[in-house]
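Chemist: Below is the structure I would like to discuss, written out as structure tokens.
The values are calculated or read from the model by the stated rules, or taken from the named source; none is laboratory data. All figures in this text were calculated on a predicted structure; none of them were measured in a lab. Cβ coordinates were reconstructed from backbone atoms using ideal geometry, including for glycine residues, and neighbour counts include every protein chain displayed.
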Amino acid sequence: ALGKALHWRAALSTQESAAQDGIPCSGLLTVNSLLGGFGRAGKWSVALFLLADMPTRTIEPSLVSFGSSLGALRGAEVLSSASRWRLAQKLIGQLRLDGLAVNDVVCSTALDVFGGAGCWAEALSFFISVRRGQVRPNVVVLGAALASCSSCWEQAQALLAEASCWGLRSDAAAFEAVLAAQARGQRWERALALCSQVQRLATRGSSQVRAITVNVVAGACQRAEKWRLAWNMVAGMRQLGCLPDSVSFCTGASAIEKGGHWTLAMQLMRDMWQQKLQLSSAMCNAVSSACAAHGRWNHSLALMTLMHLNDLSVDVATASAIAGACNRAARWREILSLVDSYSGNCIDAFSDSEVLANALQAFRAEARNPATWL
């Protein structure tokens, strides 16, 4: 029970106390429970030591023992990638030497370790080897294999295509893993095509479109500077049966900022507010920049006030854009007011020299116009 509750220190202390009192508390179930606690707590070194010590206690490790030890390696961030996959390979080799066969749980855990270490080639080689054995791929194993190939979109796409040959129906997580790999590989057009496939499956009821699915594709389009495509993805989410989340709104706002549609940016802000989603600095900065780029300095200033009230940070690019808009409208007082409002605050973007230069230019423009002196 202590192992399941992640109280691995208490569990180990209980086991050691029982051993000192002569109570037989060192059986396979007890050790596996300890290993499970160590694995969930990321105590990989303790887990590997206990696993190696099992034969001295005349306890034969089981698949659960090896699976828990492999699971501990997933959180071993202090280890280098090479060290992690070498230790994982060693555990799998020892498992086989002990006459045990890799099952789907051990397989998916090992794939997680390989993938987390960035060793997609090793993950794929391991997956192929176990698939030729007695392990019949299921959705969990497929998902782990696809996630391990996140840095190689070609292999992820090939695995997804093979899934139907194994009689598997890919779920949303499987599609999202491939989409993420394609986005990382800057293959926005392939991600867009795959997302269209997911949408067609959703209309037939054999899959579903989730917000994260659209977010990945829209983000890929945005990074490729396909602003209109990114916006269309976000704008059409409700028609696909999924509700935009904070990431969706930020992606849409960034696309609109680059595309120059400040009215759409303001509409996004209203929609986000109506959904009672928490505003973010990225969202507000994008909308403010879009308004400032089209001379809507008053809208930008209102948003800056909102950000100030919510302790959201203003980036230098946004501050410069707002100052530029105020400069063109000869609103130097507003710029200085903003600088004064944010002084001493955690936000220091308005102390940027470019912002102050815009204020000075606006002041000079007004000084040259006698009509403004009265």
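Chemist: Just to verify a result, which residue in region 239-248, among those that are assigned to a helix (DSSP H, G or I) and modelled with pLDDT under 85, is surrounded by the fewest Cβ atoms within 10 Å (Cβ to Cβ)?
Modeler: Gln239
Chemist: Hey, does region 252-266 have a residue that's over 30 Å from Gln182 (Cβ atoms) and of a type in the set (S, T, N, Q)? Step through it out loud before you land on a result.
Modeler: Here is the first cut: in region 252-266, the residues over 30 Å from Gln182 (Cβ atoms) are 262-263, 266.
Applying the additional criterion that residues be of a type in the set (S, T, N, Q) yields 263.
Yes: region 252-266 contains one or more residues that are over 30 Å from Gln182 (Cβ atoms) and of a type in the set (S, T, N, Q).
Chemist: Has region 199-218 got any residue that is part of a helix (DSSP H, G or I), touching a residue at least 12 places away in the same chain (Cβ under 8 Å), among the polar types (S, T, N, Q) and within 19 Å of Ala147 (Cα to Cα)?
Modeler: First, pick out the residues of region 199-218 that are part of a helix (DSSP H, G or I): 199-203, 211-218.
Add one more test, that the residue is touching a residue at least 12 places away in the same chain (Cβ under 8 Å), and what stays is 199, 202, 211-218.
Retained after the next criterion (residues that are among the polar types (S, T, N, Q)): 199, 213, 215.
Filter again for within 19 Å of Ala147 (Cα to Cα), leaving 213, 215.
Yes, that holds for at least one residue.
Chemist: Among the residues of region 76-102, how many are outside any helix (DSSP H, G or I) and crowded, with 17+ Cβ neighbours inside 10 Å?
Modeler: As a first pass, look at region 76-102 and keep what is outside any helix (DSSP H, G or I): 76-80, 98-102.
Subset that is crowded, with 17+ Cβ neighbours inside 10 Å: 76, 100, 102.
Residues that pass the stated criteria total 3.
Chemist: To continue, here is another question. Does at least one position in region 255-276 carry a residue that is in contact with a Leu (Cβ under 6 Å, 6 or more places away or on another chain) and surrounded by fewer than 22 Cβ atoms within 10 Å (Cβ to Cβ)? Talk me through it step by step, then tell me what you get.
Modeler: Initial filter on region 255-276 (in contact with a Leu (Cβ under 6 Å, 6 or more places away or on another chain)): 256.
Cutting the leftovers down to surrounded by fewer than 22 Cβ atoms within 10 Å (Cβ to Cβ) gives us none.
Within region 255-276, not a single residue is in contact with a Leu (Cβ under 6 Å, 6 or more places away or on another chain) and surrounded by fewer than 22 Cβ atoms within 10 Å (Cβ to Cβ).
Chemist: With the condition kept exactly as written, say whether any residue in region 104-120 is under 30 Å from Arg200 (Cβ atoms) and either assigned to a loop (DSSP other than H, G, I, E, B) or modelled with pLDDT under 80 (or both).
Modeler: yes
Chemist: Could you tell me whether Ala121 is within 19 Å of Leu95 (Cβ to Cβ) and of a type in the set (A, V, I, L, M)? Even if it seems obvious, please write down each step before you answer.
Modeler: Details: within 19 Å of Leu95 (Cβ to Cβ): no; of a type in the set (A, V, I, L, M): yes.
No: the conditions fail for Ala121.
Chemist: If you don't mind, another one. Taking the options Ala302, Ala371, name whichever one is surrounded by fewer than 18 Cβ atoms within 10 Å (Cβ to Cβ), modelled with pLDDT of 80 or more and part of a helix (DSSP H, G or I). Don't jump to the end; show me each part of the working.
Modeler: On the way: Ala371 fails: modelled with pLDDT of 80 or more.
Of Ala302, Ala371, the one residue that is surrounded by fewer than 18 Cβ atoms within 10 Å (Cβ to Cβ), modelled with pLDDT of 80 or more and part of a helix (DSSP H, G or I) is Ala302.
Chemist: Hey, another quick one. Somewhere in region 263-282, is a residue acidic (Asp, Glu) and closer than 20 Å to Trp231 by Cβ?
Modeler: Filtering region 263-282 for residues acidic (Asp, Glu) gives 271.
Right, trim to closer than 20 Å to Trp231 by Cβ and you get 271.
For region 263-282, residues acidic (Asp, Glu) and closer than 20 Å to Trp231 by Cβ: present.
Chemist: I would also like to ask the following. So Ala224 clears everything in (1) of a type outside the set (Asp, Glu); (2) exposed (fewer than 15 other Cβ atoms within 10 Å of the Cβ); (3) in contact with a helix residue (DSSP H, G or I) (Cβ under 7 Å, 6 or more places away or on another chain) except one condition, right? Which one?
Modeler: (2)
Chemist: Exactly one condition in (1) at pLDDT 80 or above; (2) touching a Ser or Thr at 6+ places or on another chain (Cβ under 9 Å); (3) among the hydrophobic types (A, V, I, L, M, F, W, C) is false for Ala172; which is it?
Modeler: (1)
Chemist: Being surrounded by 18 or more Cβ atoms within 10 Å (Cβ to Cβ), closer than 18 Å to Val106 by Cα, in the same structural domain as Gly71 (by TED's automatic domain parsing) and at pLDDT 85 or above, is that true of even one residue in region 53-60?
Modeler: No, every residue in region 53-60 fails to be surrounded by 18 or more Cβ atoms within 10 Å (Cβ to Cβ), closer than 18 Å to Val106 by Cα, in the same structural domain as Gly71 (by TED's automatic domain parsing) and at pLDDT 85 or above.
Chemist: Does region 1-10 contain at least one residue that is in contact with a Ser or Thr (Cβ under 9 Å, 6 or more places away or on another chain) and at pLDDT 50 or above?
Modeler: No, that holds for no residue.
Chemist: Quickly run through region 173-190 and pick out the residues that are touching a residue at least 12 places away in the same chain (Cβ under 8 Å), at negative phi, surrounded by fewer than 21 Cβ atoms within 10 Å (Cβ to Cβ) and over 16 Å from the mean Cα position of the chain (by Cα).
Modeler: If the condition is that a residue be touching a residue at least 12 places away in the same chain (Cβ under 8 Å), at negative phi, surrounded by fewer than 21 Cβ atoms within 10 Å (Cβ to Cβ) and over 16 Å from the mean Cα position of the chain (by Cα), then Arg187, Arg190 are the ones that fit.
Chemist: Considering only region 121-154, how many residues are touching a Ser or Thr at 6+ places or on another chain (Cβ under 8 Å) and outside any helix (DSSP H, G or I)?
Modeler: The qualifying residues number 0.
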